[in-house]
Ligand code: ARG
Ligand code: ZN
């Protein structure tokens, strides 16, 4: 156990820092084990602050010297930072520290990755670089000088002087320290160029390790599309002469929006048809857009404190989703996002880690970069837009940028902008930010004499620390279909504000079928007793693509629940309805592939639990297998036809049209494999010239138990490419039979290419175990034990990634007493580890409850 329990900090305790900063000058003298950082910071007292303590954060720093106004001083040091006596007038702080980037395995602050220097400062990494008020409301212009022998030496902003052994940078835009970045190494650039709408010429670069230069073209195009889109849709222009992106192999997260110098996990920027799947391309495009969009929503307007994280993240996720919808297919993007929201955010909201979109306390902020802050945060923006309407939304955003440019803002500021621009009172809407938990929406209906009434009842189950949940305002998008399938009421947004509320529709010729929560207009769980016939009717006729998909999903889920709970046979209503959708060539192939997807094991487990049944992971897996087999049989004529019809001719393009066709053809391949034992999959594997085709075939072969040759061939072909080898690791774990999952993962951790120092590889192996429910929750407990062994080993090296992966256990209270005991033993084993990190301590303590 730790000697001191880390204390939470609270939103309500916010106070401004006692000093403002006019300028920051940093000089780095690079050396892998002993980098020197000299700082020269011009402070002055903050007239708005009452607390004048001069405290600078600092962790793992060796202080060489410190001075105030040229006078050497001896500050009071703790393991958190230092305090000193500061004059009540403007003064200059100077310090020199030494740090050891080579020993930094936490990948926070300045660290080395493959011999290259790089940084990650969000949220609180800058304090591992030098002493500084490391909080987002302290903003300053930075000037940086890098001294070293590296070929390329980059920092934020525009380039200044450079020469043999040094490079200087100046960032004119005041920024908080979390947006600082430095990169130095043997890098090659893929150049590009963009002219902004007002005529500013911007030089663009994607910097990569030698050998990766052939994987930058797609990212560069995505960057240019993002820059243009933000001008066209939000009127936001780029504000420096240069925009750099760097790819780094060892990175805890996806990417980081440092001003003018975005740093990416290489898996989130490098792309080529041979090595990346269609899904990878779409994700890379979205992440490049996300980080670029942060330049306005995050950098120009930042957060006052880390409780406001959703201010930049929710909004920026919302913006990148709009971008993807515009560039690709809006319905497909919406369905994909809702699948992910349910899988990650609903899961979080239902368990011991549930927290509000704007949390009120935390121990370690890195533990709050969550699906709730990001994805539910984005849903709140979408609801706000639905409630005020498109025109008022963009008017409010214009006011936000005008009023708060240069500010470190709050959710109150954000909502006030909407209130001022629209005249609406948003106090009830604010509950979405403060109240955790996924609301349930119960629906009943009534029809008589041409009048149809929908009655809704909202309720939200208690979450840790929040028992009572008053009603929220909910935009419920509804349409009505007549008996012949025609739409008799176009989509209308009902605004629910009370616990129970009814809405009527008049002048109807017959009882309609309602299509409720169209486009998933609010992140809720809809509870409506609905017949198979109604679901099949909506699947066939709904004009709202999301609800059309949702009807098919609900039909599949009802059938699966009956199979698991009552031993029912596969539902023929589902099989017929889904076959009709698959066959319907008027529908987008990408949509059809999504409609043919099945609810996840985890989704079924939660649904069983909510319905009072303790989920048995093996029974869930068996039911899915049985249904898949029955479906393959049911579609045995259609599948080969679809497979042939949707083969893509000509050059590979990662666009929506081609990827949709490949996705449907690969879905058909999955069906075919269940009947031919892998013959077609082997042919596709052998002929594949792109990773989408190759990986889909590889996955089918593994599933069919025919993967042995492909496992060897895949490794031989790709052993030089770490990102492809990550797929090789994860696919073997994910496709293992449940009683083999832990053993496969265990064997892979013994492979020469396994390393726990690389988060991508660790996640590809142990993360894949955690994401394979039947294998992870196998009754033997082997999955729990293996994951725990590795989390305990990783924690001293990389607390952030360890803590994040502890969420594998967040669903443990759903399961039977035997599994709960096994998990409790592992959680206690983690908590009993000496010197456990603050990150992991907080996570496991919250999960343990
Ligand atoms: N701001 C980054 C992004 O969403 C993520 C940084 C996450 N950092 C962390 N320490 N959790 O684009
Ligand atoms: Zn972000």
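The values are calculated or read from the model by the stated rules, or taken from the named source; none is laboratory data. It should be emphasised that the depicted structure is a prediction, and the values quoted were computed from it without experimental measurement. Using ideal geometry, Cβ is built from the backbone for each residue, glycine included, and neighbour counts are taken over all protein chains shown.
Within the stretch 388-406, the residues that satisfy the criterion of being assigned to a helix (DSSP H, G or I), out of contact with any strand residue (DSSP E or B) (no Cβ under 6 Å at 6 or more places or on another chain) and touching a residue at least 60 places away in the same chain (Cβ under 8 Å) are 394, 397, 398, 400, 401. In the stretch 102-138, the residue that is surrounded by the fewest Cβ atoms within 10 Å (Cβ to Cβ) out of those that are assigned to a loop (DSSP other than H, G, I, E, B) and at positive phi is 115. For the stretch 298-338: of the residues being assigned to a loop (DSSP other than H, G, I, E, B) and within 11 Å of ligand 1 (Cβ to nearest atom), which is farthest from the chain's Cα centre (by Cα)? Of everything passing the filter in the stretch 298-338, 299 is farthest from the chain's Cα centre (by Cα). Screening residue 590 against (1) surrounded by fewer than 17 Cβ atoms within 10 Å (Cβ to Cβ); (2) modelled with pLDDT of 95 or more leaves a single unmet condition, (1). Identify all residues within the stretch 255-297 that are within 13 Å of ligand 1 (Cβ to nearest atom) and in a loop (DSSP other than H, G, I, E, B); write none if there are none. The answer is 257, 258, 259, 269, 294, 295.
Among the residues of the stretch 801-849, just one is within 16 Å of ligand 1 (Cβ to nearest atom), surrounded by fewer than 22 Cβ atoms within 10 Å (Cβ to Cβ) and over 20 Å from residue 349 (Cβ atoms), namely 838.
Exactly one residue out of 233, 248 is more than 30 Å from residue 686 (Cα to Cα) and within 15 Å of ligand 1 (Cβ to nearest atom), and it is 248. Meeting the requirement of 1 or more residues that are over 25 Å from residue 274 (Cβ atoms) and in contact with a helix residue (DSSP H, G or I) (Cβ under 6 Å, 6 or more places away or on another chain), the strands (runs of 3 or more DSSP E) wholly within the stretch 150-247 are 188-195.
Restricting the stretch 33-63 to residues that are surrounded by 13 or more Cβ atoms within 10 Å (Cβ to Cβ) and touching a helix residue (DSSP H, G or I) at 6+ places or on another chain (Cβ under 6 Å), which is nearest to residue 111 (Cα to Cα)? Looking at residues that are surrounded by 13 or more Cβ atoms within 10 Å (Cβ to Cβ) and touching a helix residue (DSSP H, G or I) at 6+ places or on another chain (Cβ under 6 Å), I get 35.
Screening 125, 81 for residues that are farther than 26 Å from residue 52 by Cβ and within 37 Å of the chain's Cα centre (by Cα) leaves exactly one candidate, 125. It is to be established whether one or more residues within the stretch 504-519 are in contact with a helix residue (DSSP H, G or I) (Cβ under 7 Å, 6 or more places away or on another chain), over 25 Å from residue 373 (Cα atoms) and assigned to a strand (DSSP E or B). Yes; the residues of the stretch 504-519 include at least one that is in contact with a helix residue (DSSP H, G or I) (Cβ under 7 Å, 6 or more places away or on another chain), over 25 Å from residue 373 (Cα atoms) and assigned to a strand (DSSP E or B). Applying a threshold of 6 Å to beta carbon distances and a minimum spacing of six or more residues, or different chains, the list of pairs starting in the stretch 233-255 at a residue that is farther than 13 Å from residue 194 by Cβ and ending at one that is away from ligand 1 (no atom under 16 Å from the Cβ) and part of a loop (DSSP other than H, G, I, E, B) reads 247/270; 249/114; 250/758. A Cβ distance below 9 Å, combined with a sequence gap of six or more or placement on separate chains, defines the contacts here; from the stretch 296-322, residues that are modelled with pLDDT under 95 reach no residue that is away from ligand 1 (no atom under 11 Å from the Cβ).
In the stretch 352-375 there is no residue that is more than 15 Å from ligand 2 (Cβ to nearest atom), assigned to a helix (DSSP H, G or I), touching a helix residue (DSSP H, G or I) at 6+ places or on another chain (Cβ under 6 Å) and under 26 Å from residue 597 (Cβ atoms). For the residues 408, 421, 436, 392, the requirement of being under 20 Å from residue 12 (Cα atoms), surrounded by fewer than 22 Cβ atoms within 10 Å (Cβ to Cβ) and modelled with pLDDT of 95 or more singles out 408. If residue 66 passes every condition in (1) within 37 Å of the chain's Cα centre (by Cα); (2) buried (at least 16 other Cβ atoms within 10 Å of the Cβ) but one, which one does it miss? Among (1) within 37 Å of the chain's Cα centre (by Cα); (2) buried (at least 16 other Cβ atoms within 10 Å of the Cβ), the lone unmet condition for residue 66 is (1).
Residues are listed down the side, and each one gets a yes or a no for (1) at pLDDT below 95; (2) farther than 30 Å from residue 831 by Cβ; (3) under 35 Å from the mean Cα position of the chain (by Cα):
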position	(1), (2), (3)
8	no, no, yes
13	no, no, yes
21	no, yes, yes
28	no, yes, yes
40	no, yes, no
47	no, yes, no
59	no, no, yes
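Flag: residue 553 does not match the condition of being more than 28 Å from residue 770 (Cα to Cα) and part of a helix (DSSP H, G or I).
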